[in-house]
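Below: the structure, in structure tokens.
The values are calculated or read from the model by the stated rules, or taken from the named source; none is laboratory data. All values derive from a computational prediction rather than experimental measurement. In this analysis, Cβ positions are derived from the backbone assuming ideal geometry, glycine residues included, and neighbour counts consider all displayed protein chains.
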């Protein structure tokens, strides 16, 4: 199982664990004071659900608590404490089209399939949302739709969702996005924006300790990669465990000879899949940044990522990249 391909799934699992430990209270979400204040204000300033906005846009980096906060908000605002299989909740996430079926990232991995492209929110999924909202809620005061990584909607889906946002009267739609600049401006204008921020070191420690992952705090490279995101910290730490120690030891510093570079390149190509190799390039950028005075290697690693994403043969990329800088 490639945990790097499954980043969003892992982050969701992390947030679910945190959610279960938080007793569904918004006040227990760590490090998101402004977001929680806005949402609690909407809940507690009204005697019915009429003051809850019809659409919200949760904006912030992956793994900082957007999904967790959405779950807590739904619990406090609508009394829905168990989202899974609830008749009035629809949770939508990006999918891949595989053999005529729409598969979530976790389902694609279960089928042993790897993709180099990102999944999408598709027109078929927005039609499902529209159909879901045609029915009155059965148990909750409102129907609720959550759309993860909403910025990954294709154009047709975005246009269809815009119409749904305009017509929705008996529901609340929550969009989660780490890249809101990719959303249609007209979609953003119809949502109440709720900002989420990266966590400081103190709050990172609180969350990771709460999740029993305090060991991650001892790895400065992983913490640098995480950049204030507990979910990303766990993702990067788990990915690091999948890289053979022999490769990590060989790359503590850049290769000093052409022979050494070729040997390491061969091992990387033989043992790591495409996504793991991309992750290793990010890891090396952060690690070598802290121990090298020259930025030449960092530029080479960035060019290597660009080349691999343009489908240049990975072995060739590593051979060229790891050759010592003259």
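Residue 260 falls short of the stated requirement of being under 23 Å from residue 241 (Cβ atoms) and outside the structural domain of residue 237 (by TED's automatic domain parsing).
Among the conditions (1) in contact with a helix residue (DSSP H, G or I) (Cβ under 6 Å, 6 or more places away or on another chain); (2) surrounded by 16 or more Cβ atoms within 10 Å (Cβ to Cβ), residue 214 misses just one, which is (2).
Examine the stretch 196-207 for a residue that is modelled with pLDDT of 95 or more and touching a strand residue (DSSP E or B) at 6+ places or on another chain (Cβ under 9 Å), and state whether such a residue exists. For the stretch 196-207, residues modelled with pLDDT of 95 or more and touching a strand residue (DSSP E or B) at 6+ places or on another chain (Cβ under 9 Å): present. Given the structure, is residue 182 within 18 Å of the chain's Cα centre (by Cα) and either surrounded by fewer than 20 Cβ atoms within 10 Å (Cβ to Cβ) or more than 30 Å from residue 123 (Cα to Cα) (or both)? Criteria met by residue 182. For residue 235, the requirement of being modelled with pLDDT under 95 and under 24 Å from residue 150 (Cβ atoms) is met. Within the stretch 294-326, the set of residues being under 14 Å from residue 255 (Cβ atoms) and loosely packed, with under 13 Cβ neighbours inside 10 Å comprises 296, 324, 325, 326.
Considering 172, 186, the condition of being more than 23 Å from residue 96 (Cβ to Cβ), touching a helix residue (DSSP H, G or I) at 6+ places or on another chain (Cβ under 8 Å), part of a strand (DSSP E or B) and assigned by TED's automatic domain parsing to the domain that holds residue 104 is satisfied by 172 alone. Checking each residue in the stretch 39-55 for being loosely packed, with under 13 Cβ neighbours inside 10 Å, over 17 Å from residue 72 (Cβ atoms) and at pLDDT 90 or above picks out no residue at all. Take residue 244 and tell me if it is more than 21 Å from the chain's Cα centre (by Cα) and touching a residue at least 60 places away in the same chain (Cβ under 8 Å). Spelling it out, it is not the case that residue 244 is more than 21 Å from the chain's Cα centre (by Cα) and touching a residue at least 60 places away in the same chain (Cβ under 8 Å).
I need the full set of residues from the stretch 141-171 which are touching a residue at least 60 places away in the same chain (Cβ under 8 Å) and within 22 Å of the chain's Cα centre (by Cα), in order please. Listed by number, the residues that qualify are 144, 146, 148, 149, 150.
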